[in-house]
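Student: Below is a structure I'd like to ask you about.
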Amino acid sequence: MKVLDGKALAATIKDELKADVDAIRQAGGKIPHLAAVLVGEDPASQVYVRNKVRSCEEVGFRSTLVRRPATITQEELLKVVHELNDDPDIDGFIVQLPLPGHLDEEAVNLAIHPHKDVDGFTPVNVGKMTLGLDCYLPATPNGIMVMLERYGIETSGKEVVVLGRSNIVGTPMTILLSRKSDPGNATVTICHSRTKNLADHCRRADILVAAIGIPEMVTADMVKEGAVIIDVGINRVDDSSKSRGYRLAGDVDYDAVSEKVSAITPVPGGVGPMTIVSLMMNTLKASKTK
Ligand code: GUN
């Protein structure tokens, strides 16, 4: 059984990005600059955004964190988005999700200029991805594609089952894995809360991508012997034995499932770091395309 070490792979890719930034600096070019908008105090979002900003600094990018209180109005948030759209120094930016309930995530997403949409969430980029055109690919699915490629995991002709149909992970994952590309060319099934016989679908999977947000939902009896397991879940589970009061758990019962499969991503240290490097790859691309 191989552990798909996203942390180590992300470190390798960060070294490559750093070399790219050094070359840009030597040539007197524009240093990539990412901005992240964080609204409110959601603990998980704070960690994710901090990691994104820190990773930018590690490779020599510039980064700007725009913090706003949870009480911000829709109009004020849209003004922040418009300012970032218009700021020539910012190559790309993200608005960390989820937003507090009174804010309209869809309207905020629609306000982001597609050229600066390094999350790949706007309709222009989603449409281009679907058509197989050059665009900013969403960070988590693309991070998984990079991981499959770098680990040499064959996807062509394989049965892939994706658990979860979110706009951020599940749906784009099915598009990328089924399209005519390498990695890609897989036969993809998407499962969600209304799927009947979910475990039967999972047992057919050569590659199972779990992005459903339910801690340790995928158990050993649900996976095929020798399958490849990609666990996107990062769930906080109460654990009084930990000083912080919780532990992180994936969507997959790692200990039991890892006994049965050929490869699996750990949580943390699997998909999460790949998401961040993928965002940085998009930011580098944004800084080069004007
Ligand atoms: N929340 C969870 N994942 C993501 C992501 O990839 N981008 C943003 N902006 N918010 C998220």
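The values are calculated or read from the model by the stated rules, or taken from the named source; none is laboratory data. As the structure is a prediction and not an experimental result, all values here were calculated from the model. FYI the Cβ positions are ideal-geometry reconstructions off the backbone, even for glycines, and counts take in every protein chain you see. What goes into the accessible areas is simple: the full protein's heavy atoms, side chains included, and nothing from ligands, DNA or RNA. Shrake-Rupley method; radii C 1.70, N 1.55, O 1.52, S 1.80 Å.
Student: If the reach is capped at under 18 angstrom between alpha carbons, list the aspartates and glutamates near residue 288, excluding any in the same chain fewer than eight residues apart.
Tutor: Reachable aspartates and glutamates: 16, 20, 22, 86, 87, 89, 91, 117, 119, 134.
Student: Now a separate question. Long-range amide H contacts for residue 246: which residues qualify at under 5 Å (H placed 1.01 Å from N, peptide plane, sequence gap of 5 or more or a different chain)?
Tutor: Here the answer is 239, since their amide H atoms fall under 5 Å of that of residue 246.
Student: Taking the alpha-carbon set of the chain, what are its Rg and Dmax in Å?
Tutor: 19.0, 58
Student: Now a separate question. What residues have an amide H closer than 5 Å to that of residue 66, excluding those fewer than 5 places away on the same chain, when H is modeled at 1.01 Å from N in the peptide plane?
Tutor: The list, which skips near neighbours in sequence, is 36, 37, 38.
Student: Cross-link candidates for residue 158: which lysines have Cα within less than 20 Å, leaving aside residues fewer than 8 places away along the same chain?
Tutor: Straight-line reach from residue 158, under 20 Å: 2, 180, 224, 260.
Student: Continuing with the same structure: Using a Gaussian network for the chain with springs between C-alpha atoms less than 10 Å apart, which of these wobbles most: 48, 246, 136?
Tutor: The residue that fluctuates most here is 246.
Student: Turning to a different aspect of this structure: Can you list the HN-Hα couplings for the range 117-132, worked out from phi with the Karplus curve (6.51, -1.76, 1.60; θ = phi - 60°), rounded to whole Hz and with x for Gly and Pro?
Tutor: 7, 6, 7, x, 9, 6, x, 4, 6, 5, x, 5, 4, 5, 8, x
Student: Over the range 43-102, with every protein chain in place, what whole percent of the accessible area is carbon and sulfur at 1.4 Å, could you tell me?
Tutor: That fraction is 55 percent.
Student: I would also like to ask the following. For the chain, with a Gaussian network of springs between Cα atoms less than 10 Å apart, report the residue from 262, 156, 193 with the top mean-square fluctuation.
Tutor: Taking springs between Cα atoms under 10 Å, the residue moving most is 193.
Student: Also, I was wondering about something else. Separation of the range 1-32 and the range 78-135 by C-alpha centroid, Å?
Tutor: One Cα centre to the other: 24 Å.
Student: One-quarter of the Cα convex hull surface for the range 133-274, in nm²?
Tutor: Numbers: hull surface 35.4 nm².
Its average projected convex-hull area is 8.8 nm².
Student: Residue 72: accessible area at probe 1.4 Å, nearest 10 Å²?
Tutor: Solvent-accessible area, nearest 10 Å²: 10 Å².
Student: Amide H of residue 218: which non-local residues (sequence gap of 5 or more, or other chain) have their own amide H closer than 5 Å, using H built in the peptide plane?
Tutor: Close amide H contacts, sequence-distant or interchain: 252, 253.
Student: What does the charge dipole of the chain about its Cα centre add up to, to the nearest 20 debye, if the Cβ of each Lys and Arg holds +1 and the Cβ of each Asp and Glu holds -1?
Tutor: Value, rounded to 20: 300 debye.
Student: Let me ask something additional. Can you count the Lys pairs in the range 15-152 with C-alpha separation below 17 Å, eight or more apart or on different chains?
Tutor: For the range 15-152, qualifying lysine pairs total 6.
Student: What ranking, highest mean first, results for peptides 231-237, 208-214 when packing means the other Cβ atoms within 10 Å averaged over each residue?
Tutor: Final packing ranking: 208-214, 231-237.
Student: Additional query: Largest first, please: the extent of the C-alpha atoms of the range 103-171 along each principal axis, to the nearest Å.
Tutor: Computed over the range 103-171, the largest-to-smallest principal extents equal 39, 25, 19 Å.
Student: With every protein chain left in place, what is the accessible area per residue of the chain in square angstrom, probe 1.4 Å?
Tutor: 47
Student: Could you give each residue of the range 228-242 its phi-based ³J(HN,Hα) in whole Hz, using Karplus coefficients 6.51, -1.76, 1.60 with θ = phi - 60°, and x for Gly or Pro?
Tutor: 9, 10, 10, 9, 8, x, 10, 10, 8, 10, 3, 8, 6, 6, 9
Student: In what sequence, largest accessible area first, do 1, 217 appear using a 1.4 Å probe? Display every interim value, and only then the final one.
Tutor: Working: 1 115, 217 45 Å².
Result of the area sort, largest leading: 1, 217.
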